[in-house]
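Read-outs: derived from the displayed coordinates by stated rules, not from any lab. These figures come from a predicted structure and were not determined experimentally. Here Cβ is always computed from backbone atoms with ideal geometry, including for glycine, and neighbour counts include all displayed protein chains.
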Amino acid sequence: MRTAYRVETVRAAEAELMSRLPEGTLMRRAAAGLAAACFSLLGRGRVYGARVVLLVGSGDNGGDALYAGARLARRGAGVTAVLLGSRAHAGGLAALRAAGGRVAEDPFEPLAAADLVLDGITGIGGHGGLRPDAVPVARAARGSGAVVVAVDLPSGVDADTGEVAGEVLRADATVTFGAYKPGLLIDPAREYAGAVRLVGIGLEDLLPSVPELQALQHEDVARMLPVPAAESDKYRRGVVGVVAGSRRYPGAAVLAVAGALHGGAGAVRYVGPAGEAVIARFPETLVHAGPPAKAGRVQAWVVGPGLGDAPGVDDVLASDVPVAVDADGLRGLSAELVRARTAPTLLTPHAGEAAALLGVAREAVEARRLAAVRELATRFGATVLLKGSTTLVAEAGGRGPVRVNPTGTSWLATAGSGDVLSGLAGSLLAAGLPAIDAASAAAYLHGLAARRASGGASPIAAGEVASALSDAWRDVTS
Ligand SMILES: NC(=O)C1=CN([C@@H]2O[C@H](COP(=O)(O)OP(=O)(O)OC[C@H]3O[C@@H](n4cnc5c(N)ncnc54)[C@H](O)[C@@H]3O)[C@@H](O)[C@H]2O)[C@@H](O)CC1
Ligand SMILES: [K+]
């Protein structure tokens, strides 16, 4: 499991560690890791003679850049510092000068010829976007063709939330120290970070066991996925009921059932008017045309994909088994009704649906994804999976770590892919997974399946994502 911690937590751990070590040790460790990352980014044999520009703010983030610059200068790079703050880290500046680096009067001249730029304007002490005087310098850095490496964080992003309040210098790579910060894993900030590399500075044992964010890895998901025992029958493995599709949108029913069939439940029961289309594609489905309450035994429900205005949501919410509510099921959903449920509820909105549930504009959700997912989970007392380029899952009540899905791909932004996801999540609920695990494992497999289906490079249809779920499952468990 990859974890990310808030700034105050990282600072507390750093203070504890610093009190045990000689002064300057942590910054030396950070700078050594940063310089090593720069050596490998520049490539073997290309450090000597490389033109490196350091953008230096007034805090310790600038200090890291200066000490790393000194290391690069000692290996023969031509290193120029551009001082953007009211002051600069004195020790770092002295180290750079002693190693043969220089300070530029005019930032634009060295930037025009740079091979590598280190962004040390602000790190975890930064607030808001880049200040106006730094903006033209950052633009020149980005336009120079040099490789841009962010020190700890891309300057201008909010470390704790991933929010971006103004201009940010987009990095090709970020070298972060001690722990991931939420802003490196959540959009929109994540997009500015490029490839993120974590440099250990000895904080690991001093960080609390509960992080702000968790990103699952293969082994975490493998532990969650159901494995049928020898004596399992379909009821023990779970039956998932899918209330989806309409005469107008029969395809949503087919895709939700496709997702459900790949989620480990023992059987899939379909309830709605698209039974013929479902059976034609998946003859193994149990089809029922009446109301959900009369459909027979079900251990978890999925309700909403392509449902239109058809009834079914209230019926399903009145049941005492886990329910995943998606798409049309989310429209006008009553928080009171959901909060009153005794069994777990999972909501799977995209940003637009989340905005409607919260009564805000879609842009407000996209800009503040972490706050939005926690707020929904609190208001509805439900586990919430907020879809997007970085899908987030918050536990019912909004407490505890939020899970961020690391397998997403922009190829998933295709019609019907959400139907596959909700079917899959419902199936995992029926198989007995806690809602937070069902949702985050579903997002993980779904992203992985999309990557497999697209080969990372081609458009895909939602049906192909569903077909690739078995491969994704095998990848994770083998
Ligand atoms: N505390 C520690 O033990 C360690 C800190 N390290 C580095 O130190 C950084 C944190 O250092 P600081 O606490 O000094 O904070 P920063 O260097 O991140 O930034 C604070 C400075 O930037 C200015 N500033 C704030 N917002 C700004 C904006 N939008 N535009 C321009 N300037 C702005 C502030 O006035 C302040 O002078 C970390 O990100 C990391 O790079 C590392 O060396 C590892 C060890
Ligand atoms: K930075």
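Once you have the Kirkwood Rh of the chain from its Cα pairs, apply Stokes-Einstein at 20 °C and 1.002 mPa s and quote D in µm²/s.
Details: Rh = 23.9 Å.
Rounded to a whole number, D works out at 90 µm²/s.
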At q = 0.16, 0.26 Å⁻¹, what log₁₀ I(q)/I(0) does a Debye calculation on the Cα points of the stretch 108-166 give, no solvent, two decimals? -0.48, -1.07
At 1.567 mPa s and 4 °C, Stokes diffusion of the stretch 1-56 via Kirkwood alpha-carbon radius, µm² per second: 93
Points 7 angstrom from Cα along the Cβ direction at ALA457 and VAL227: gap in nanometres? 3.6
Around ALA449 (Cβ within 12 Å, Cβ-to-Cβ, excluding ALA449; K/R +1, D/E -1) the net charge comes to 0
Suppose each label sits 7 Å from its Cα in the direction of the beta carbon; what would the ARG102-ARG379 distance come out to in nanometres? 5.8
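Pull up the DSSP beta bridges for the stretch 1-150 and report the antiparallel fraction as a percent, rounded to 5. If you can, show how the numbers build up before the last one.
Working: 0 of 17 bridges.
Of all bridge pairs located within the stretch 1-150, approximately 0 percent are antiparallel.
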Could you please state, rounded to a whole Å, how far the C-alpha centre of the stretch 428-478 is from the C-alpha centre of the stretch 310-348? 24
Any chance you could give the angle, 0 to 90 degrees and rounded to 10, that helix 7-18 forms with the longest Cα principal axis of the chain? 50
Along each principal axis of its Cα atoms, how long is the stretch 54-96 end to end? Whole angstroms, biggest number first, please. 29, 16, 14
Quick check: pseudo-label points 7 Å beyond the Cα along Cα→Cβ at ARG236 and ALA340, how many nm apart are they? 3.7
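Could you give the semi-axes, largest first, of the ellipsoid that matches the stretch 362-435, computed as the square roots of 5 times the alpha carbon gyration tensor eigenvalues and rounded to whole Å?
Details: eigenvalues 72, 66, 21 Å².
Calculated on Cα positions only, the semi-axes equal 19, 18, 10 Å.
Quote the Stokes-Einstein diffusion coefficient, in whole µm² s⁻¹, for the stretch 278-359, based on the Kirkwood radius over alpha carbon pairs, a temperature of 10 °C and a viscosity of 1.306 mPa s. Could you put the intermediate results ahead of the total?
Details: Rh = 13.7 Å.
This corresponds to a translational diffusion coefficient of 116 µm²/s.
Report the antiparallel proportion of the DSSP beta bridges in the chain as a percent, rounded to a multiple of 5. Present the calculation step by step, with values, prior to reporting the outcome.
Working: 9 of 57 bridges.
Once the DSSP bridges in the chain are tallied, antiparallel ones form about 15 percent.
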Suppose R0 equals 51 Å; then what is the FRET efficiency for LEU21 and ALA415 from their Cβ-Cβ distance, rounded to the nearest 0.05? 0.40
For the stretch 218-477, just list the percent of Cα-Cα distances falling in each 10 Å bin from zero outward, please. 8, 35, 39, 17, 1, 0
Restricting things to Cα coordinates, could you compute the convex hull volume per residue of the stretch 217-265 in Å³? 89
To make sure I understand the rule: partners must be aspartates and glutamates, Cα under 16 Å from the Cα of LYS234, and not fewer than 8 residues away in the same chain. Which ones qualify? GLU284
Arranged from highest to lowest average of other beta-carbon atoms within 10 Å per residue, in what order do the peptides 55-64, 246-255, 224-233 appear? 55-64, 246-255, 224-233
Radius 13 Å from Cβ of THR378, net charge of other residues (Lys, Arg +1; Asp, Glu -1): +2
In the stretch 211-338, if every C-alpha pair distance is counted and binned at 10 Å from zero, what percent goes to each bin? 13, 41, 31, 14, 1
Tell me the mean residue ellipticity at 222 nm calculated for the chain from its helices only (DSSP H runs of n ≥ 4, each -39500 (n - 2.57), averaged over every residue, nearest 500). -11500 deg cm²/dmol
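Give the average over all directions of the projected area of the C-alpha convex hull of the stretch 119-234, one decimal, in nm². Walk me through the numbers on the way to the answer.
Values: hull surface 42.5 nm².
For the Cα atoms of the stretch 119-234, the hull's average projected area reads 10.6 nm².
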q = 0.09, 0.15, 0.18 Å⁻¹, the stretch 2-214: log10 I(q)/I(0) [Debye, one scatterer per Cα]: -0.30, -0.87, -1.26
In the calculated pair distance distribution of the stretch 336-478, what percentage of Cα-Cα distances lie above 25 Å? 24
